[in-house]
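The values are calculated or read from the model by the stated rules, or taken from the named source; none is laboratory data. Owing to the predicted nature of the structure, the values given are computational and were not obtained by experimental measurement. Counting neighbours? That spans all protein chains shown, and the Cβs are built from the backbone with ideal geometry, glycine included. Accessible surface is based on the protein model in full, side chains and every heavy atom, while ligands, DNA and RNA are left aside. Shrake-Rupley method; radii C 1.70, N 1.55, O 1.52, S 1.80 Å.
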Amino acid sequence: MAVKIEDVIRHSYADRAGIRAGETLLSIGGHEIVDVLDYRFYQIDDELELQLRSIGGELRSVRVHKPEYEELGLQFSSYLMDEEKSCRNRCIFCFIDQLPKGLRETLYFKDDDSRLSFLFGNYITLTNLTEHEIERIIRMHISPINVSVHTTNPALRCRMMNNRFAGEALDVLRRLSDSSIEINCQIVCCPGINDGDELRRSLSDLCELGVNLVAVVPVGLTKYRQGLYPLSPFTRELARKTVAIIDAFGDRCLEQRGKRVCYAADELYIKAGMEIPDAAFYGDFEAIENGVGMVAMLRKDLRDALSCREPDPSIHRSVAIACGVSAAPYIRELMDEVESKFPHVSVAVYPIKNNFFGELIDVSGLVVGSDLIAQLRSQPLGSELLIPSSMLRFENDLFLDDVSVDDVSRRLSIPVTPVNVDGELLLSAVLGKEE
């Protein structure tokens, strides 16, 4: 396989070597270039020999001298230099299968691509890996790899993922572990399916395997599950039992390995009606992208930032914060502390009920623009509405229902400001820009 060069960065090492847009890159140092991982790995050396096919079709060889690890300067039509691999499974808990019709097309794509796991932290199931890709991960020591495990019971994994090869794919975990590849694992926990003793088995197997991290998140259930596998939400009692299992394994790992390894997502603590642990519990917050330790990090960072601020009676602000139902009590608690230190600052916190996906969905990242408009149009919002940027796509412009930030701002007649989930940034947004 070969990849076509879309552009060459001006004055780059590739440009100086006479490589031109439109040529095809065949190999670097005798290694065939198939995709971005090959390109990034084999361009590291300081002396490179590139095999190219010119625009006219002739084969030619180009030598490039550059500092080690410096970029060559080639650009390709897509970041992966190849098509993104889609998921072959039909998991009984898949959130994408629970989306309503009519959303933007990109939301329905299910990725299961090992390259995205390494480059962007996406989770893969291992069912899509070829032997060549497994060997490449080991040879290049691509690490960490993020794996959606769900269960280490092969038969149950096949049933949960509706893929008869899903159990066999667990053997890849052992191969990666034996090759010292760092593995981060995720378990979507479904009541009555992979909880209880099955969860104990999975955590025991993964801890024995020596994985770096296991994040357990509760299944998310929308109101669009007609015709799908019957699943039940977590009750408070079951959430408590599940957290107890996870924390017990975490305690054991902490004693044996010096780190907890196993963590329950914040959402499980909330469903259980349990206090979310303090920041020290979460170490380096390695599982933050799984919703593990987000509340603890926000509390710590905002309180640290607040302690560094002197009371300032000249700051007069009245703002509103809209967030998911589950996050609202924690945001309210922090804003009470802000108001206490800044007496002329007033913050209204509005929990947004998720009518779009259904009330079982209560996280901030799945709040949509239409629900914001419907539930805030008659509320006092002050001079500015702050929302978590997790409600929006990467470009920070559209909610999941394709309503734009500008649409919400116009309908509510107020500036709307997305804020990253960061305590210092949130405090600054509440207090306003310093003159």
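The table that follows gives values for the structure above.
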{"item": "Built amide H within the under 5 Å cut-off of ARG317, gap 5+", "result": "VAL345, SER346"}
{"item": "Cα centroid of the stretch 279-354 to Cα centroid of the stretch 1-72, whole Å", "result": "48"}
{"item": "Segment PHE281-MET140, length gained on full extension (0.36 nm per residue, minus Cα span)", "result": "47.4 nm"}
{"item": "Per-pair calculated FRET efficiency, R0 = 56 Å: GLU58 and ASP251 via Cβ, rounded to 0.05", "result": "0.30"}
{"item": "The stretch 257-323: equivalent-ellipsoid semi-axes (sqrt of 5 x gyration tensor eigenvalues, Cα, Å)", "result": "29, 16, 9"}
{"item": "Nonlocal amide H pairs with SER27, under 5 Å, H built at 1.01 Å", "result": "ILE33, GLN51"}
{"item": "Within a Gaussian network of the chain (alpha carbon springs, distance under 10 Å), most fluctuating of LEU228, LEU59, LEU74", "result": "LEU59"}
{"item": "Percent accessible area from carbon and sulfur atoms, the chain, protein chains only, probe 1.4 Å", "result": "49"}
{"item": "Packing-based order for 214-224, 304-314, 133-143, using average beta carbon neighbours within 10 Å, highest first", "result": "214-224, 133-143, 304-314"}
{"item": "Residue-count net charge about GLY258 - beta-carbon cut-off 15 Å; Lys, Arg +1, Asp, Glu -1", "result": "0"}
{"item": "Where Cα atoms sit under 17 Å apart: lysine pairs in the chain separated by 8 or more or lying on different chains", "result": "7"}
{"item": "Fraction in percent of alpha-carbon pairs per bin - 10 Å, the stretch 170-327", "result": "9, 33, 31, 17, 8, 3, 0"}
{"item": "Cα-only Debye scattering, the stretch 1-67: base-10 log of I(q)/I(0) at q = 0.14, 0.15, 0.24, 0.25 Å⁻¹", "result": "-0.35, -0.41, -1.14, -1.25"}
{"item": "Binned Cα-Cα distances of the chain, short to long, each 10 Å bin given as a whole percent", "result": "4, 18, 24, 24, 19, 10, 2, 0"}
{"item": "Residue-count net charge about SER177 - beta-carbon cut-off 15 Å; Lys, Arg +1, Asp, Glu -1", "result": "-2"}
{"item": "Taking the C-alpha atoms of the stretch 325-371, convex hull volume expressed per residue in Å³", "result": "67"}
{"item": "10 Å-binned pair-distance histogram of the stretch 217-307 (Cα, whole percent)", "result": "16, 41, 30, 12, 2, 0"}
